[in-house]
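See below for the structure under consideration.
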Amino acid sequence: MSVVVSPTLVGLTLALLLLLPQLAIRARAETFTAPPLGPPSVPITGTWQFHTGDDLAWANPGFDDSGWQPLQADQPWGAQGHPGYRGLAWYRKRINLGDTSSPLGLYVPAADGAYEVYWNSQKIGSSGSLPPNAVWWSYGKDAVFPLGTGATSGVLAFRIWAAPASTNTDSAAGGLNQAPRLVNLPILQQQLQFARDHREHTHLPQIGASTLIGAAGLLSLLLFLRGQREWRYLWLSVLLLAEASTGLQFLTRNTLPFVPQQLSVQVEGVCLSVALWLLLLSIFGLNQSRRWRVCTAVVIAVFLMANLADCVAIVFWRYAGLGTRQLDAVTTQVYTALEFYLLFLVGFGLLRRKTWSLAPLGIAAIVSGLYLPLLSAVTLVSPAAGEKIGRWSVQIGGYRISLETMLDWMFLFVLVLNITLHQIWERRRQAEIEMEIKSAQEVQHILIPEEIPAIPGLFVASVYKPAAEVGGDFFQVIPLGEKGQESGALVVVGDVSGKGLKAAMTVSLIVGTLRTLAEYTRDPAEILLGLNRRLLGRTQDGFATCLVLRINANGGAALANAGHLAPYRDGLELSVPGSLPLGLSSDASYDEVHFRLQESETLMLITDGVLEARDPQGELYGFERIATLMSGRPTVEHVVDATCGFGQEDDITVVSITRTAVSEPRIVISLSPHLAPG
């Protein structure tokens with residue numbers, strides 16, 4: 001049996017044998033041959049072999065990658081057939097380095113994720129760390145790896161891990177974004193230093209503005225601490241300091257890994273939003289409404305819980321599964337939606353104040369405060385569109401200023417201007433109040449007796465020490481016994497509820513009424529009835545306690561009490577019937593107590609400032625300490641010193657009347673330094 005071989009078949013077989021080596025080379029992908037490094041760097045052009053998954057054997061230069069997908073390195077893998085893929089993947093490329101007389105390195109632009117670099121199966125460096133303890137950067141990080149002076153050709157491989165996608169992750173992202181470059185190391189170091197200097201130079205306006213904003217925040221904090229704790233200055237301080245920190249984020253963008261960088265952004269965002277809401281609540285006067293305070297507290301609580309849940313997800317993001325990603329999506333939508341609470345604050349605030357003077361602040365707050373939430377909402381729908389909008393900027397000279405920065409500066413300028421004008425108005429208002437207080441003090445100087453004619457048979461001593469600039473205590477010593485009548489005095493001690501200017505004005509009313517009544521009657525009970533009628537409806541839900549004593553030179557005394565502390569007679573409490581304070585009821589009645597003060601006996605009248613003195617632990621001075629103090633028959637100065645040493649809380653007035661021989665009339669009055677005549 002013979003076999004006939006066709007010449008045509010023989011020719012085709014020979015041709016195939018000659019082409020097989022060429023086909024094998026093409027299946028492995030093209031080899032990149034580096035040109036002589038005249039320029040500082042050369043991009044590694046052409047396609048790379050790409051495969052998802054992970055196997056360290058893929059770093060071996062002899063591994064057959066002909067079945068892998070050819071991919072460009074200057075575009076992410078999501079844009080080249082793997083949208084939304086997150087996890088491990090490999091890039092491989094054969095490279096012929098050519099002339100290696102110069103120290104060569106590999107420059108890798110910022111990539112999406114952490115990676116390791118292998119040259120001929122040897123790991124030459126990494127960026128971040130791969131799972132299970134993954135560390136990566138939010139915006140990637142440039143890196144340079146020396147190639148050494150070993151092999152001049154071989155396989156360069158990247159083992160890259162992309163973190164789980166978040167709500168604003170573009171599905172087209174992943175892996176390398178720009179082609180790696182072969183570099184001349186000494187020249188590259190100079191270029192990178194120049195690039196860093198240039199980047200810092202272009203950010204000088206932002207650095208300067210953030211520094212000024214931070215200084216203004218510290219100044220606002222000092223105003224809060226040194227002033228009367230006006231909360232709007234605290235909120236302004238938090239807002240300005242958070243804004244300054246946000247403006248300097250670019251300094252840490254490529255130095256802090258993903259988790260701490262994202263947590264800092266989250267904290268800054270929370271401070272900005274919450275401080276802005278509370279500040280606007282104060283500026284527009286909505287903090288005076290309980291409904292708005294409660295509503296704002298609820299919004300802030302939900303906002304904080306959503307951000308806290310998001311922070312927990314960030315900490316464990318390297319392990320993020322479907323549940324964690326859904327939690328991130330829900331919490332992001334919640335706190336992004338709550339950002340629009342700003343609209344309600346501004347809208348209702350303007351309607352409440354009904355003034356256009358705050359309209360510029362409201363508009364600036366809306367535009368600046370809602371820029372990021374709107375940008376986040378756009379990014380959720382279209383990450384590419386959100387990124388494009390976020391990059392809008394204006395070139396001014398050699399500096400580029402972003403739209404977000406300009407909006408923030410505009411708002412802060414309007415805000416600081418508004419706060420400054422408010423501060424000027426508050427200073428003027430404070431000056432007016434101080435003038436009113438000074439006038440009240442002058443009136444009180446007139447009302448509190450300083451010089452009293454001598455009263456035969458009586459020695460009167462007193463100390464009056466208000467707790468504030470003007471007090472609510474009062475006392476009067478009115479001499480009696482004109483036209484041959486028996487000498488004596490009408491002594492009145494009392495206390496108006498409350499403190500400050502309001503109490504002082506009530507004191508003025510009482511003293512004026514008292515002096516008028518003393519012209520017509522000397523009966524203590526009748527005087528209290530007249531004072532009660534006068535005060536009804538004029539104390540604005542307040543009241544006044546009062547004790548009226550009429551005492552003659554022979555010691556005969558009559559006393560009536562309207563809710564005041566009982567006096568002490570030679571260290572013992574005098575029993576007096578109680579009754580309602582003045583100004584509470586038109587049906588109040590007052591009983592008189594009659595007694596005789598013996599020679600050398602002392603009657604001491606006090607106000608409740610003595611009783612209500614309080615030590616640093618909050619304990620009251622109390623009746624027991626008063627009884628112990630009075631048992632020693634102290635002077636009025638001793639009583640006041642003991643009480644103030646314990647801890648003064650309220651106005652203190654102490655008046656003592658001692659019966660003496662008729663030939664020794666004396667009156668001693670001691671005033672607090674607040675009321676001492678100049």
- Item | Karplus (6.51, -1.76, 1.60) ³J(HN,Hα), θ = phi - 60°, over region 555-566, in Hz, Gly and Pro reported as x | x, x, 9, 10, 9, 10, 10, 10, x, 9, 5, 5
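Taking 25 Å as R0, compute the FRET efficiency from the Cβ-Cβ separation of residue 142 and residue 69 and round it to 0.05. Walk me through the numbers on the way to the answer.
Numbers: r = 26 Å, r/R0 = 1.05.
Calculated value: 0.45.
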- Extension gain from residue 570 to residue 129, taking 0.36 nm per residue of separation minus the Cα-Cα distance: 150.0 nm
- Query: For residue 297 and residue 410, FRET efficiency with R0 = 22 Å and r from the beta-carbon atoms, rounded to 0.05?
  - Reply: 0.15
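Can you tell me what percent of all Cα-Cα pairs in region 219-330 are more than 26 Å apart?
On the way: 2027 of 6216 pairs.
Cα-Cα pairs of region 219-330 separated by over 26 Å account for 33 percent.
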- Where chymotrypsin sites (Phe, Trp or Tyr not before Pro) fall in DSSP loop in region 51-155, at most 13 other Cβ within 10 Å: 139
- Task: Compute log10 of I(q)/I(0) for region 29-196 with the Debye formula, placing one identical point scatterer on every Cα and leaving out solvent, at q = 0.08, 0.10, 0.13 Å⁻¹, to two decimals.
- Result: -0.22, -0.35, -0.60
- Message: Taking 0.36 nm per residue of sequence separation and subtracting the Cα-Cα distance, how much length would be gained by fully extending the chain between residue 617 and residue 417, in nm to one decimal?
- Response: 67.6 nm
- Note on the structure: Computed from the beta carbon distance with a Förster radius of 60 Å, FRET efficiency for residue 389 and residue 594 to the nearest 0.05 stands at 0.10
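Give me the orientation-averaged projected area of the Cα convex hull of region 448-671, in nm², one decimal.
Values: hull surface 46.4 nm².
Hull-based average projected area comes out at 11.6 nm².
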- Message: I'd like the Kirkwood hydrodynamic radius of region 275-360, using the inverse of the mean 1/r over distinct C-alpha pairs, in Å.
- Response: 14.5 Å
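Report the extension gain between residue 601 and residue 266 in nm, rounded to one decimal, defined as 0.36 nm multiplied by the number of residues separating them, less their alpha carbon distance.
Numbers: separation 335, 0.36 × 335 = 120.60 nm, distance 7.51 nm.
Full extension of this stretch gives 113.1 nm more.
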- Query: Which far-off residues, 5 or more places away or on another chain, put their amide H under 5 Å from the one on residue 480, with H placed in the peptide plane?
  - Reply: 488, 489, 490
- Task: Give me 401, 424, 652 ranked fewest to most by other Cβ atoms within 10 Å of their Cβ, as a rough exposure proxy.
- Result: 424, 401, 652
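Would you list 508, 589 from fewest to most Cβ contacts within 10 Å?
Details: 508 16, 589 11.
Neighbour counts put them in this order, fewest first: 589, 508.
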- Query: If we restrict to alpha carbons, what Rg and Dmax does region 203-428 come to, in Å?
  - Reply: 18.1, 60
- Message: Only counting other Cβ atoms within 10 Å, I'd like 51, 594, 638, 82 sorted with the fewest neighbours first.
- Response: 594, 638, 51, 82
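All of the numbers you see were taken from the coordinates with simple rules; none came from a lab. This one's a predicted model, so the numbers in the text were calculated from it and none came from an experiment. Note: ideal-geometry Cβ built from the backbone for every residue, glycine included; neighbour counts use all protein chains shown.
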